[in-house]
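This report concerns only the one structure given below.
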Number of protein chains: 2
Amino acid sequence: MQPQDFQTVLEKVFPFWNKLSSAEQAAFCRHTVSAVYQKGQNIHGGSGNCTGGIVVKTGCLRAYLLSDEGKEVTLYRLYPGDICMLSASCVLKAITFDVFVDAEEDSECLIISGKTFAELSEQNLLVENFALQTAVSRFSDVMWVMQQIMFMSLDKRLAVFLNDEMAKTGEPVIRLTQEQIARYMGSAREAVSRMLKYFAAEGIVEQSRGGIKILDKQKLRALTV
Amino acid sequence: MQPQDFQTVLEKVFPFWNKLSSAEQAAFCRHTVSAVYQKGQNIHGGSGNCTGGIVVKTGCLRAYLLSDEGKEVTLYRLYPGDICMLSASCVLKAITFDVFVDAEEDSECLIISGKTFAELSEQNLLVENFALQTAVSRFSDVMWVMQQIMFMSLDKRLAVFLNDEMAKTGEPVIRLTQEQIARYMGSAREAVSRMLKYFAAEGIVEQSRGGIKILDKQKLRALTV
């Protein structure tokens, strides 16, 4: 990809693109690189580095918290056209935590240099405003996750998770191990395993080596309410 | 309090006060009211209303999540000079969740009308950026709480809580019931009760009707690491 191709992507991501000076537009393009990540590859996190703004062109990224003991909590996913700013802590001084970002599918991204983003955001309030807006939207996502974790009983949470996965793939079979489901939900594998057994006994799901098959969508949906 | 007195408070809270036009300054002062809350009184939350920006003059406020079942999680506390913007969802469109705010001590506050704040923030990027900055700082606080809840074992969390309370009051006796501690920590009372019994058996604390007395500060601190 050439810098002039970056412009096509960036002007879609940045609602304020036309209000930038041509020098500012050029600086953004010059300090952007394109990158390809394979499914499962780590893109950001752990090192304390300011990776920069990550723009998703194709594929899907997952942002999560990771504890010292290796426990994960998924915070949100990023789809084509989305930009991740929590990976640019040098732009947002008020962000004092670090998230991890992995490619959940093979993904093509643009990485906008954190340093350049920070410089332009100091010069131009519109740039800073955009970075803050983006972070605040993620705040809302994270609060939703927090409420799920804190307040929902596990049966409801598991039902919501399975239902969402089914909606995402359009298939009644969820090709994830109990281990993976537990990790995505931020729960213990044992607890998820026990609940899946309960769901199976209720005729809601059927477990096999390939994953979890939803047998009774209505019953599952009833649990999510 | 008179509008001219509000100015003295607002110019300390808003770092951009001198960059506002006098019309903007006057609008802020005109649409601010002073309010006195008693310890335990609810200030914001539940109704979906946009209360506005809450500036703490004296006392202490507590922001928390509340589930349908009445379970609470403390997100952060606000001290004199702090401003709460999450109570002004009409200013921050990207905020789609609601927090509750209570007076934790007898408190004097200024309430800046949400409607006026929203109007000024549409007119002036500095105002909007301040509101966003404030929200993003709270995001960092909330992520810290989330990591505590998700990743820390209860013994560590309880030790951190008791240690913080002791540091706050400067006294070795924590005058809270098990019920209150559990609520502040977002845990079940039974779990906190069990852990306190364990701490007592270890000679770390002594439980009485008046509260919890820390007997062994070093042992307690060792648990927080």
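What follows is calculated from the coordinates using simple rules that are stated; it is not laboratory data. Note that this is a predicted model, so its numbers are computed, not measured. Cβ atoms come from the backbone with ideal geometry, glycine included; neighbour counts cover every protein chain shown.
Taking label positions 7 Å along the Cα-Cβ direction at both residue B:206 and residue A:207, the computed distance is 5.0 nm, reported to one decimal. Note on residue A:177 and residue B:190: their simple-model spin labels are 3.2 nm apart, each label 7 Å out from Cα toward Cβ.
Around residue A:13, with a cut-off of 12 angstrom between Cβ atoms, what is the net charge of the other residues, counting Lys and Arg +1 and Asp and Glu -1? Intermediate values should be presented prior to the final figure.
Numbers: positive: A:12, A:57; negative: A:11, A:82.
Combined, the nearby Lys, Arg, Asp and Glu give 0.
Taking the Cα centre of the range A:106-191 as origin, sum charge times position over the Cβ atoms of Lys and Arg (+1) and Asp and Glu (-1), and report the length of that vector in debye to the nearest 20. If you can, show how the numbers build up before the last one.
Numbers: 8 positive and 12 negative charges, 56 e Å.
Result for the range A:106-191 is approximately 260 debye, rounded to the nearest 20.
Taking a span of 24 Å or more along the helix axis (Cα atoms) and a mean Kyte-Doolittle hydropathy of at least 0.0 as the rule, the DSSP H helices of chain A that qualify are A:125-151. Take each residue in B:128-135, count the other chain C-beta atoms within 10 Å of its C-beta, and the mean is 5.
Between residue B:35 and residue A:216, the FRET efficiency estimated from the beta carbon spacing at R0 = 56 angstrom works out to 0.60. Counting helices only, and only those DSSP H runs with n ≥ 4, report the 222 nm mean residue ellipticity of chain B as the sum of -39,500 (n - 2.57) divided by its residues, in deg cm²/dmol to the nearest 500. For chain B, the value works out to -14500 deg cm²/dmol.
Remark: label point of residue A:106 defined 7 Å out from Cα along the Cα-Cβ vector; separations to the same position in other copies 6.9 nm, ascending. Using modelled amide H (1.01 Å from N, peptide plane; none on Pro or chain starts), what sits under 5 Å from the amide H of residue A:215, excluding residues fewer than 5 places away? Long-range HN contacts for residue A:215: A:205, A:206.
For chain A, lysine pairs separated by 8 or more sequence positions, or belonging to different chains, with Cα-Cα distances below 22 Å total 21. Between amide H atoms placed 1.01 Å from N, distances below 5 Å from residue A:52 occur with A:88, A:89, A:114, all of them 5 or more places distant or on a separate chain.
Specify whether the C-alpha gyration tensor of the protein assembly as shown places it in the rounded, prolate or oblate class, a ≥ b ≥ c being the square roots of the eigenvalues: rounded for a/c under 1.5, otherwise prolate if a/b is larger than b/c and oblate if not.
Working: a/c = 1.77, a/b = 1.00, b/c = 1.76.
In terms of gyration-tensor shape, oblate.
Take residue B:8, push a point 7 Å out from Cα through the beta-carbon direction, and compare it with the same point in every other copy: 6.2 nm, smallest first.
Annotation: amide H of residue B:14 has no partner in the under-5 Å range at sequence separation 5 or more or interchain, hydrogens built in the peptide plane.
Between copies, the label points of residue A:49, set 7 Å from Cα on the Cα→Cβ line, lie 5.0 nm apart, reported in increasing order to one decimal in nanometres. Peptide B:91-98 shows a mean partner chain C-beta count of 5 within 10 Å per residue C-beta. Between A:142, A:94, A:4, the Cα set farthest toward the positive side of the dipole of the range A:3-145 (charges on each charged residue's Cβ, about the Cα centre) is that of A:4.
Rounded to the nearest 0.05, what FRET efficiency do residue B:23 and residue A:71 have when you use their Cβ-Cβ distance and R0 = 41 Å? Could you put the intermediate results ahead of the total?
Details: r = 53 Å, r/R0 = 1.29.
Computed FRET efficiency for residue B:23 and residue A:71 comes out at 0.20.
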